[in-house]
Every structure is written in structure tokens, then in C-alpha cells.
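Notes follow once the structure below has been shown.
The values are calculated or read from the model by the stated rules, or taken from the named source; none is laboratory data. Small disclaimer: the values here were computed from a predicted structure and weren't measured. We place every Cβ from the backbone using ideal geometry, glycine too, and count neighbours over all the protein chains shown. SASA here: full protein model, heavy atoms, side chains in, ligands and nucleic acids out. Shrake-Rupley method; radii C 1.70, N 1.55, O 1.52, S 1.80 Å.
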Amino acid sequence: MIKNGTVMKDWFTKKIDWLTTKLHSNIKAIDMYIGDCIEPKVIRDPVKVMRDIISIPFSSVGFGDECCHYDDILDIFRNLTASVSKLAVIPPLLAFIHPWLHQQFITIPYRFGWNPYSKYRDTITRRIRPVIKKRLNDRKRLGDDWVAPIDLLQVYLDNPRVTPDFDPNNVDINYIADSLGVYVFASMFTTSNRTATALYDLAWRKEYVQELYEEAQEINKQCNGNELTPHDFNKMVKLDSFIKESFRNFDDILGLPHICIVKSIYTFKNGYQIPKGRMAILNFLDTHYDEGLQGKDPMKFYAFRHLERNASATKIERNLTIFGDGRHSCPGRFMAVNQIKMVLHNVILKYNVTTETGKIPPKKYSGPVLNRVYDGLVFERRKDSVN
């Protein structure tokens, strides 16, 4: 078939300005799920709230505006994101019997082989089938006058290997449903968790709030309350650095698993070798807290560490490996970071954010996975908030 990573990377790169406009639906969602907060409001599951907020724009980018508001589609992704989050922290109990058991029943199904959408495929295909038929018929009927929608669904419909002869009766609809489903799920899973973590950092790191608020006020003033443009997002340099520092400080010990696919053995420059078929997982803590890579006091949260280095949150570099590296780096990182900026920018303008205890809890891990269980976030409307 086609290489999904290459297709999405090329498309995201070309459409980043348009993608930014899709994020503005978050503003109404913030008002809906967080509310006015004239009186302090405690949100005990911020990750769930973030999933609800970002589900529509991410689904819109994947499936198009025609499908993104269906409750059954949105519920699939929200519920799967929650269930797979729990699967990811299952301790390796089976490994005490034999490592192969945990790998076969947990690691490989979750990371590589298991398709969590197979049981929901009927719902997804039922929703996108009439959309596909209408688009392909309109394309044939209008010819050069037809204006193609801008979304990932259309990317697959434009590919003759997925849609031979652009025939609505000859579309590999299961492939499209699975591919787009994986995209939306992966986007929501990572972005909702990282947005919630950044909100906790905002609540815990009071020393940075005023500077972030002043930057947000200035940007809001310059755009005169209108929709933010890609240029406006680029101006959020302090917030960008804050988000990147949040990425660096709150992450799992291990991540980004890769399987060695060379013919026999891969040899690193230092002499270490990995045989074909062996899984290698990156040690995030080894790089995220290395003084040679991070600079002074790497164990300390310093929000403007990356601003001083002029290193944006989307920049691929050795000292932050959560987005991968090289040509296999995450193609959706620009949209993900702008998504987090959009939420935090509006939250900073509207609310004072604290936690119930006001204390930063010690980090606790379930195996190599950070156990992100904190007290509730408290939102209270700013007296000088921007409507």
C-alpha cells in the first residue's frame, strides 16, 4: 500500500497554516468544558477534559468537517484513548514467568500489532462511506470546478492505490478508516496528556505566570481579539519554551520503541550491537536530565531554558527525543504544539489555575511509565480576564 508516515509528513508540512485555523474550535470547547468559573471550579480529571476539548479539531483534520461532529465517532476516540492509557501502564507481571509472555500479550499487541479500531470499524466506515461517495461523485461531475476539501481523508481519496480510478465503488474503505483512526487516536492520546501536564506545570510554577500572562495579553491586543494566525503562534516564544520544558520534565523513563530491521546485526559507533528483530527503547531520562545536553541545573524546571537557546518546542534535537529524530520524526508535532499553545494561551488569559493542595507531588512510576495521578486542578476566572 502506501507509506502513511511519508504521506502525513508531507501533508502536514504543506498545510500547517490551514491546520492552525482548525484549532479555533477549541475556544468554544474551553468555555463548554471548563466554564465561566466565577467561583473556583475543581476539575479532577484534566486529561479527560482535554480529550473532550481537542477531539473535534483533530477529528476534523482527519475525517473532515462532515464527520467530525458525530458523537459516536468522537466517543470511540475518547473512550479508546482512556482505555489504552490504562493498558500502557500495565506492569510486566507476565515477565516474571518469562519475558516472552509480556512481550507477546502486552508490548507487541499494544505497540505494533494490535489494531484497537477493528471492533469499531463498522461505525467509522458507516459514517465516512456517504462522504466518500459524495466527494468522488462531485469530483467526477464538476471536473476542474470541483474544490477538494483539505483533510487527511481527501489525501487518501486522491491516491489511486487507495481509490483506483476514483471509483466510489472501488475504495479501500477499511484501510482509510484504520489509517485515519490510528492518526486521530495517536494525536489525542499524546496531546491530551501533554496538555494536562502543562496545565499542572502552570499551576505549580507560579513564578512564571505573570510573564506568560503579559505575553498572552500583548498577542491578544495585537490581533485585536480576532482569530490567532500562524504568525501569532510564532510570537508565543515564552509559552513555547514553557511547553518544551514541561515536555522535558514530565515524561516516562522509556519510550519510542523501535525494532531492528537490518538483515543480521546492527552495530552502533560505540560497539554495542542489536540483533535483527530485537526491540530497542530510548531512555528519555538519560537525555532529558543530562547537563551536557540541557545546560545548568538540568534537574530544575526552568521555563525559559529553551528560549535562551532559541530552540522551539517542535525542533528536532538530541536533548528532547519525544518526537523522534530524522526522517521518522513525528509529522504532526507542529499541530500538536500549536494545539497545546491554543489551550494554554486562552486559559492564561481567562483563569487563575492552581491545584487543591498547592504542592508539587513527588514523581511516581508504574514500571517505566510516569503515574500521572495528581490532585484536582482549580480554575477561577481572572478579574481582568479577556472575554
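Values for this structure:
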| read-out | value |
| --- | --- |
| Separation of the Thr123 and Met299 label points, Cα + 7 Å toward Cβ, nm | 4.6 nm |
| Dipole magnitude of region 245-387 about its Cα centre (Cβ charges: Lys, Arg +1; Asp, Glu -1), debye to nearest 20 | 320 debye |
| For q = 0.15, 0.17, 0.20 Å⁻¹, Debye-computed log10 I/I(0) when each Cα of region 183-314 counts as one equal scatterer | -0.89, -1.04, -1.24 |
| Net charge of Cβ neighbours under 11 Å - reference Phe379; Lys, Arg +1; Asp, Glu -1 | +1 |
| Set Lys350/Lys383; Lys22/Lys206; Lys206/Lys244; Lys296/Lys364; Lys41/Lys383 screened for pairs whose C-alpha atoms are more than 19 Å apart | Lys22/Lys206; Lys296/Lys364 |
| For the chain: rounded, prolate or oblate by the Cα gyration tensor [a/c cutoff 1.5] | oblate |
| Residue (of Thr163, Val184, Tyr200) at the positive-pole extreme of region 142-217, dipole from beta-carbon charges | Tyr200 |
| Contour excess over end-to-end distance, with Cα ends at Cys223 and Lys41 and 0.36 nm allotted per residue | 62.6 nm |
| Computed E for Thr267/Asp31 - FRET, C-beta separation, R0 41 angstrom, nearest 0.05 | 0.15 |
| Computed magnitude of the charge dipole of the chain (debye, nearest 20; Cβ of K, R +1, Cβ of D, E -1) | 920 debye |
| Glu227 accessible area, assembled protein chains, probe 1.4 Å, Å² | 120 Å² |
| Segments 324-333, 163-172, 177-186 sorted - mean Cβ within 10 Å per residue, highest first | 177-186, 324-333, 163-172 |
| Length-normalised contact order of region 233-344 in % [C-alpha pairs under 8 Å, at least 6 apart] | 33 percent |
| Rounded percent of accessible protein surface that carbon and sulfur make up, the chain, 1.4 Å probe | 53 percent |
| Dipole of the chain, positive direction: furthest Cα of Phe77, Phe250, Gly277, with charges on the beta-carbon | Gly277 |
| Linear extension gain, Met279 paired with Asp172, 0.36 nm per residue minus alpha-carbon span | 35.4 nm |
| Value at 222 nm in deg cm²/dmol, rounded to 500, when DSSP H runs of n ≥ 4 in the chain each add -39,500 (n - 2.57) | -15500 deg cm²/dmol |
| Summed residue charge, Cβ within 13 Å of Arg135's Cβ, Lys/Arg positive, Asp/Glu negative | 0 |
| Whole-angstrom Cα spans of region 233-273 along principal axes, big to small | 48, 22, 19 |
| Taking the chain and dividing mean pair separation by its residue count, relative contact order in percent (alpha carbons under 8 Å, at least six apart) | 25 percent |
